[in-house]
Amino acid sequence: MMKQKNNNNAVMEAANRAASFAVGCGGNSSSICAPNIQGTRLNRFAAQWYATDNELMMAEIDFMAQKYPNAEVSFLRDGRMAWTNTADIKIGPDCHKYTFVLIYDSNHPANTGYGGSVKCYLASPTIDELALRARQIGRGTVPHVRRDSYGNPFLCTNRSSDVSDGRREVSSAVTFMSWSIKWAYYFEGGLVDDVIWRSFSGH
């Protein structure tokens, strides 16, 4: 019983410091849109994967703390769990700061949607900002970007075959974070190297 109590406290503590990025759908192009869910906070949490698998939730939190200690956990207003993490993408003398937001689908772990049940969105720079940089040097569209059911662009960082959906093991948000950082390195590298861009675009 004590372990269960600690897990619930962890959920509530994380919810109380939810990132402002993940609460709204305002005019800022970096906002992630969420449906307007009615009811209590408890009802919003009840439909989520971590409500029935606190052990997995705590494992996700522990693993992220080990690999990306600056990542912050939060909850969207519809109850979905999210991580925000900033990474420096260094290409030669240039350093580009990326802020990633990873959002779990309600049915995590699953492999029913494209690329698995954790989606990575860019808070900064935005996809539109990256697209402008690419167009300015004649690179065309940003490769490997898809849109969720609300129309938000997210990074396509992996194949469905790369994702473990829980039958033997689970692909954690740490894995998706690593793939997202790799995506950013390929994008930035591709802006300065034609070979990298062709490889990035062709996968």
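A short reminder: the numbers here are calculations on the coordinates, not readings from a lab. What you see is a predicted model, and the numbers here were worked out from it, not measured in a lab. Note that each Cβ is placed from the backbone with ideal geometry, even for glycine, and that neighbours are counted across all protein chains shown.
Residues of segment 117-144 being over 12 Å from the mean Cα position of the chain (by Cα) and hydrophobic (A, V, I, L, M, F, W, C), which ones?
Taking segment 117-144 and keeping what is over 12 Å from the mean Cα position of the chain (by Cα), we get 124-144.
Passing the criteria: ILE127, LEU130, ALA131, LEU132, ALA134, ILE137, VAL142.
Can you tell me which residues in segment 125-143 are β-branched (Val, Ile, Thr) and surrounded by 14 or more Cβ atoms within 10 Å (Cβ to Cβ)?
Start the filter on segment 125-143 by keeping residues that are β-branched (Val, Ile, Thr), which leaves 126-127, 137, 141-142.
Of everything in segment 125-143, those that are β-branched (Val, Ile, Thr) and surrounded by 14 or more Cβ atoms within 10 Å (Cβ to Cβ) turn out to be THR126, ILE127, VAL142.
Would you point out the residue of segment 74-124, among those that are surrounded by fewer than 23 Cβ atoms within 10 Å (Cβ to Cβ) and among the β-branched types (Val, Ile, Thr), that is farthest from PHE45 (Cα to Cα)?
This residue is ILE91.
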